[in-house]
1. Please go through the range 383-408 and pick out each residue that is assigned to a loop (DSSP other than H, G, I, E, B), under 28 Å from the mean Cα position of the chain (by Cα) and not polar (S, T, N, Q).
2. Please count how many residues of the range 276-300 are closer than 23 Å to Ala219 by Cα and either in a loop (DSSP other than H, G, I, E, B) or touching a residue at least 40 places away in the same chain (Cβ under 8 Å) (or both).
3. Select from the range 342-386 the residues that are more than 30 Å from Asp508 (Cβ to Cβ) and crowded, with 22+ Cβ neighbours inside 10 Å and list them in ascending order.
4. Consider the range 334-356. How many of its residues are in a helix (DSSP H, G or I) and without any contact (Cβ under 8 Å) to a residue 60 or more places away in the chain?
5. Would you be able to say whether some residue in the range 48-61 is within 20 Å of the chain's Cα centre (by Cα) and not aliphatic (A, V, I, L, M)?
6. Take the range 308-333 and flag every residue that is small (Gly, Ala, Ser), under 30 Å from Lys425 (Cβ atoms) and over 25 Å from the mean Cα position of the chain (by Cα).
7. Between residues in the range 46-70 that are in the same structural domain as Cys360 (by TED's automatic domain parsing) and in contact (Cβ under 8 Å) with a residue 24 or more places away in the chain and residues that are among the charged types (D, E, K, R) and surrounded by fewer than 23 Cβ atoms within 10 Å (Cβ to Cβ), which pairs lie under 9 Å by C-beta distance while being six or more apart or on different chains?
Amino acid sequence: MGQNLAQKILSTHLVSGEMSLGKEIAIRIDQTLTQDATGTMAYLQFEAMGIPKVRTKLSVSYVDHNTLQSGFENADDHLFLQSVASKYGIYFSKPGNGICHQVNLERFGVPGRTLLGSDSHTPTGGGLGMIAIGAGGLDVAVAMGGGPFYLTMPEIVLVKLIGKLRPWVSAKDVILELLKRLTVKGGVKKIIEYGGPGAKSLSVPERATITNMGAELGATTSIFPSDDVTLEFLKAQKRESDWQRLEADPDATYDHTIEIDLSTLEPLAAQPHSPDNICAVSKLVGTKVHQVVIGSCTNSSYKDMMTVAGMLKGKTVHPEVSLGIAPGSRQVLEMIARNGALADMVKAGARILETACGPCIGMGQAPPSDGVTVRTFNRNFLGRSGTKSGMVYLVSPEVAAAAAITGVFTDPRTLGTPPAVDVPKEFLIDDSMVLPPSYEPDSVKVIRGPNIKPLPLNKPLPDSLEGQILLKVEDNITTDHIMPAGAKILPLRSNIPAISEHVFEVVDASFAQRAKASSGGFIVGGENYGQGSSREHAALAPMYLGIKFVLTKSFARIHQANLINFGIIPLSFEKPEDYSRLEQGDRLKIENVRQAIKSNQPLVIQNLTQKTSIKAIYSLSERQREIILQGGLLNYTKNNQ
């Protein structure tokens, strides 16, 4: 029996385990990437392991999140990241070089290799034929140290693409269609593999748009074949030597198959406040728009920028709309500057933003109160834009540019012939803002600003747990709910005592103070708890506040792994209906917890307030149970060296 594409790459990187559905496997990691919002903590964790140099084929540290230097914190962290990279064998992409996923796709991605990144949109690399997975920074630190990455063998789902996209319909609409069908929970414990004749009609940047937003499905990763289209892209990047053909065998099998006829798709939009709240743009026509922002790791490629520039050429941005455009990389910015497209954007009235994540993570360009903001981004969670009352819609560059010109939602299919964009035969290559590591690492002094605080460590799991339910929340709680981003909070990523003050701030502003006053406690949640960003601070900061377990109906993959990494037990209700039997403020107790975890038995949770009890279950491998017992992955790693 033949192998599908995901199986081919996983099997050649398998370190331990059996590639059977639901079994824990460990894979060798070829490349890692970090960005500055997660990188400071990841490198502090790497330093704590005492390893003198990274052991991957390639590790790159990017600065693309915390680029707004309104105080000393971000600038200090950038110096720390640059010096750490130089000392430990890591390449450093300077601020201004671009968004990590865009630059990695252009300059470093290699078909058939594995990539682990401390950012949930790392699967962007799947557009190039990689197994690229987002994870918490601690998992990435372990991979940099040469350790394998552990995951539960997922289902592999084939999305068979047939037909070809019609004019004004884009790759963004493909992934929005899939989100419409599957929802933000539909990809959990799955790898999404794209194939079929329609895949060959999509360029690598278009494929990357689709794999990028597989994160919003909750998928482990998404991947396209490495074919002639991939070769042409790598040739244009002067990296054809990195290419190899990688496709599923003709007799490959899949756990499920979904078919999408590209020729039937229409422009779509994700409405507030979830990426799966999908409707046709034609149903929104006439809705007033206050702001349009184009960019992010989803839609900031050369093709996207040229499409927008072509639509804006000779036009003027509507007087009541603020239009911001952020090219994804320095390569893209310089190319559109040289060919005149940037001038067309500026003349039309666009505000050109830095080649960075910026507004996507609430770092500037917050919309007005109650304003409608149309964005080519990947997430529209409540308050993520920086304005809690902002109404964020996720769309393609074509739909965004149409709204910027007309001032209202407009179906771009009514605008005539779309601009033609020629894929360049050769991209402009200038890697001068990617700094190689030092040839004399012992001479490099790591620079630590005052905002970088010591790494907090958990203690081994005690024999019994007792405390209050500090917070009870509903379904689909995101890591933005747990640990908000934005210009105020992101600079505190290397200062856990300070950032912990903001845990659950958007849900309950009193949470942190109550947690400290109670010396910790527990959290109860609904379905898909912890979806969204890979930010490990959504586990690390609650650990610092004394959270011992989180009890939910189900977890998102990365957040569950992060909880384990920091010694917080991820528990699920044995009977989901027990969720309604618990109230915030109830006092709970679990006795003999260590013995139960050791023997892989369900936990009996006594509700001391209501004088009742319920059972909680967990899905932990033997290795993960030992990590929980020892108080987290750092303790486990140190104790097993």
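1. Gly383, Arg384, Gly386, Lys388, Gly390, Val395
2. Going residue by residue through the range 276-300, those that are closer than 23 Å to Ala219 by Cα are 276-279, 295-300.
From what is left, the residues that are either in a loop (DSSP other than H, G, I, E, B) or touching a residue at least 40 places away in the same chain (Cβ under 8 Å) (or both) are 276-278, 295-300.
Result for the range 276-300: 9.
3. Here is the first cut: in the range 342-386, the ones more than 30 Å from Asp508 (Cβ to Cβ) are 342-356, 374, 376.
Hits for the range 342-386 are Met345, Ala350, Thr355, Ala356, Val374, Thr376.
4. From the range 334-356, those in a helix (DSSP H, G or I) are 334-338, 341-348; that's our starting set.
Then drop every residue that is not without any contact (Cβ under 8 Å) to a residue 60 or more places away in the chain, which leaves 336-337, 341-348.
Total meeting the criteria: 10.
5. So far as the range 48-61 goes, yes, one or more of its residues are within 20 Å of the chain's Cα centre (by Cα) and not aliphatic (A, V, I, L, M).
6. Answer for the range 308-333, where residues must be small (Gly, Ala, Ser), under 30 Å from Lys425 (Cβ atoms) and over 25 Å from the mean Cα position of the chain (by Cα): Ala309, Gly310, Gly314.
7. Close Cβ pairs satisfying both conditions: none exist.
So that you can scan it fast, the table gives a plain yes or no per residue for (1) touching an Asp or Glu at 6+ places or on another chain (Cβ under 9 Å); (2) of a type in the set (Gly, Ala, Ser); (3) crowded, with 22+ Cβ neighbours inside 10 Å; (4) closer than 27 Å to Pro327 by Cα:
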position	(1), (2), (3), (4)
Gln82	no, no, no, yes
Glu106	no, no, yes, yes
Thr114	yes, no, yes, yes
Gly117	no, yes, yes, yes
Gly125	no, yes, yes, yes
Gly134	yes, yes, yes, yes
Pro148	no, no, no, no
Glu155	yes, no, no, no
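The values are calculated or read from the model by the stated rules, or taken from the named source; none is laboratory data. From a predicted model like this one, the values you see are computed outputs, not experimental measurements. For neighbour counting, all protein chains shown are included, and Cβ atoms are generated from backbone atoms with ideal geometry for every residue, glycine included.
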